[in-house]
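The values are calculated or read from the model by the stated rules, or taken from the named source; none is laboratory data. Predicted model, so just to flag it, every value in this text is computed and none were measured. Positions of Cβ are backbone-derived with ideal geometry, glycine not excepted, and every protein chain shown enters the neighbour counts. What goes into the accessible areas is simple: the full protein's heavy atoms, side chains included, and nothing from ligands, DNA or RNA. Shrake-Rupley method; radii C 1.70, N 1.55, O 1.52, S 1.80 Å.
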Amino acid sequence: MVDVSVVIATRNRVQLIKEALDSVFAQSLPVKEIIVVDDGSTDGTRNVLTNYGKRIRPIYGTGEGASAARNLGIRVASGKWIAFLDDDDVWLKTKIERQMAVADENPDLGLIYCDDFAVNEKFEPLYERTASTAHRGDVFERLLIRNFIFTSCVIARRDAIEKVGYMDTGLQFAEDWDLWLKIAALYPVDYADQPLVLYRQSLTGCLTRDL
């Protein structure tokens, strides 16, 4: 078991949350805990989460949005690393294993990400999103120009998140990008050079609508 807390924020994704969760259970390295923040679902999501019993830690929010839901999950997490997963995405089997191998090589890293495959609603591949070899180490200036780090691809040190101040609940868009920038301003960043996530393209994100 690796010292990783998975944080999943969800709302009204009863048909998708099980796929996301099952991809975590299928990891080649089991994680310390899985925290699911249900941000006010009305579609039976709570029943799905209850069926997992003690395999997950469900928390019930009040509909305050993606940033607040993720922050709630981070604050109750006990792992050294926080792994983010959107409720409509899926991890490939070696995602955590590959990223923890990178972490073991450099304990000073604040954030580790990976490549991913963009897929449609049926998980049919559309294209691969590949990180540039330049996007490692001190990436703040390059990240300021364009966000190349996607939420479900990230594991970040919990103490780094706490130090920079969590996600900004005042932002309506790109609150994850804002957090990556705050971490990158203080810590080196690296990535696992392999697509390890299936990013499902849809009209809406996890808890916010694309602007």
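Classify segment 42-112 from the C-alpha gyration tensor, please: rounded if a/c falls under 1.5, else prolate or oblate depending on whether a/b exceeds b/c. Because a/c hits 1.5 or more and a/b exceeds b/c, segment 42-112 counts as prolate. Cross-link partners for Lys95 among the lysines, with Cα-Cα distance under 19 Å and sequence neighbours closer than 8 places in the same chain left out: Lys18, Lys32, Lys80.
To the nearest 10, the accessible area of Lys182 is 50 Å² with a 1.4 Å probe.
Taking the Cα centre of each part, how many Å lie between segment 1-71 and segment 151-180? Taking the Cα centre of segment 151-180 as reference, the centre of segment 1-71 is 18 Å away. Applying a DSSP loop filter and a limit of 14 other Cβ atoms within 10 Å to the chymotrypsin sites (Phe, Trp or Tyr not before Pro) in segment 169-199 leaves Phe173.
In terms of accessible area, using a 1.4 Å probe and ignoring ligands and nucleic acids, Tyr113, Tyr187 rank largest first as Tyr187, Tyr113. Here each label is just a point 7 Å from Cα along the line to Cβ, and for Arg142 and Lys32 those points are 3.0 nm apart. Among rounded, prolate and oblate, which fits the chain when a ≥ b ≥ c are the square roots of the eigenvalues of its C-alpha gyration tensor, a/c under 1.5 means rounded, and a/b larger than b/c means prolate? Rounded is the answer for the chain, as its axis ratio a/c remains below 1.5. Bridges between two residues of segment 107-211, per DSSP, are antiparallel at a rate of about 50%. Entry comment: accessible area of segment 98-184 is 50 Å² per residue, from protein heavy atoms only and a probe of 1.4 Å.
Roughly what % of DSSP beta bridges within the chain run antiparallel, to the nearest 5? The antiparallel fraction comes to roughly 35 percent.
When the solvent-accessible area of segment 50-120 is split by element, carbon and sulfur atoms take up 48 percent of it, the probe being 1.4 Å. By the gyration tensor of its Cα atoms, with a ≥ b ≥ c the square roots of the eigenvalues, what is the shape of segment 69-161: rounded for a/c under 1.5, prolate for a/b over b/c, or oblate? The shape class here is oblate.
In the chain, if the dipole is taken from +1 on Lys/Arg beta carbons and -1 on Asp/Glu beta carbons about the Cα centre, which of Val164, Ile145, Thr42 is farthest to the positive end? Farthest along the dipole direction, towards plus: Thr42.
Rounded to the nearest 20, the size of the Cβ-charge dipole of the chain about its Cα centre is 500 debye, with Lys and Arg at +1 and Asp and Glu at -1. Between Thr94 and Leu186, the contour length at 0.36 nm per residue exceeds the Cα-Cα span by 30.3 nm.
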